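What follows is calculated from the coordinates using simple rules that are stated; it is not laboratory data. Nothing here was measured: the structure is a model prediction, and the numbers come from that model. Quick reminder, even Gly has a Cβ in these numbers, built from the backbone with ideal geometry, and neighbours come from all protein chains shown.
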Amino acid sequence: MLKYLQKTFALLLTVVLLSTLLMACDTVTTAESETATASSTAAYSSLPVAYTDKELSASPAKLPPLPYDNTALSKAIDAETMKLHHDAHHAAYVNNLNDALKNFQNLQKRSVESLLRDLNSVPEDIRTKVRNNGGGHLNHTMFWQIMSPEGGGEPTGELAQEINTTFGSFDQFKQQFNQAGASRFGSGWVWLVRNPQGQLQITTTANQDNPIMEGSYPIMGNDVWEHAYYLRYRNRRGEYLNNWWNVVNWPEINKRSQLSLKQS
Ligand SMILES: [Fe+2]
């Protein structure tokens, strides 16, 4: 009888222990998936992209002036390219965006970031025009700011450490960024983004798409459309990508990285 009681007690104890263990595992798994889902959907949803302190207005969209002279970035980009790129290409994105939104006062009240984050809320007949030209306006507005005549060198502080941890070293980061930019088929952009999980990542987008359309925050990006380099570099996109580091504005990029950390 005593043996029977001992066996039953041991069996009960095993069942209780196993149930407790299974419940604990389930709690951990549920908590982790909820956190991951929350960070993917909520990440960067209210962060400005065009500037670090304000979103890009579409009522009406306006061409921002270049923050320097056309000749100022000649270490990487010639004056004629700068002039055409800003005064003709960027201006066209602005004009076309205004044209797309001209009959939609409710959409004009929203920022360009908000339109691109939720393209399904834009009527289908103007959606592609808003995507291409809103994206073009947003991407180029950021692009002019993340370059500077005093640019070049290497990042400092927290971003420098994070680049080293993520990519191995600054040189390896540059190499991977250039490789991604060179491999982007046709027209598009190469980016350093903070992804929805809060990690640094190199990505590319086609045409004028921006990483916010996929829930990532663009910390920096280089334009690899031929209009960005063809006059000086012809078909040598790799040479343009290499020289571009001479005008990269690290203080501004650091600011963008800090901003993205606040909401990752
Ligand atoms: Fe461009």
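Determine the sum of side-chain charges near Asp118: Lys and Arg each +1, Asp and Glu each -1, restricted to other residues whose C-beta is under 15 angstrom from that of Asp118. Here the charged neighbours net out to 0.
Counting neighbouring beta carbons within 10 Å and listing from fewest to most, the residues Tyr44, Tyr233 come out as Tyr233, Tyr44. The alpha carbons of the stretch 103-200 give a radius of gyration and a Dmax of 17.2, 50 Å, in that order.
Counting other Cβ atoms within 10 Å of each Cβ, which trypsin sites (Lys or Arg not before Pro) in the stretch 37-134 have at most 15 and sit in a DSSP loop? Here the sparse-neighbourhood loop sites are Lys54, Lys62, Lys75, Lys102, Lys109. Rounded to the nearest Å, what's the spacing between the alpha carbon centres of the stretch 172-243 and the stretch 75-112? Just the number, please. The stretch 172-243 and the stretch 75-112 have Cα centres separated by 19 Å. The equivalent ellipsoid that matches the C-alpha gyration tensor of the stretch 85-148 spans semi-axes of 21, 13, 9 angstrom, in descending order. Across the options Met213, Asn242, Thr203, the greatest Cα extent toward the positive end of the charge dipole of the stretch 179-245 (unit charges at beta carbon of Lys, Arg, Asp, Glu) belongs to Asn242.
For the stretch 114-264, the C-alpha radius of gyration sits at 1.04 times the compact-globule guess of 2.2 N^0.38 Å, with N the residue count. Semi-axis lengths, largest first, of the ellipsoid equivalent to the stretch 39-194 are 29, 21, 15 Å, with √(5λ) applied to each eigenvalue of the Cα gyration tensor. With θ taken as phi - 60° and the Karplus curve 6.51 cos²θ - 1.76 cosθ + 1.60 applied, the whole-hertz 3J(HN,Hα) list for the stretch 235-240 is 8, 8, 4, x, 5, 4 Hz, x standing for glycine and proline.
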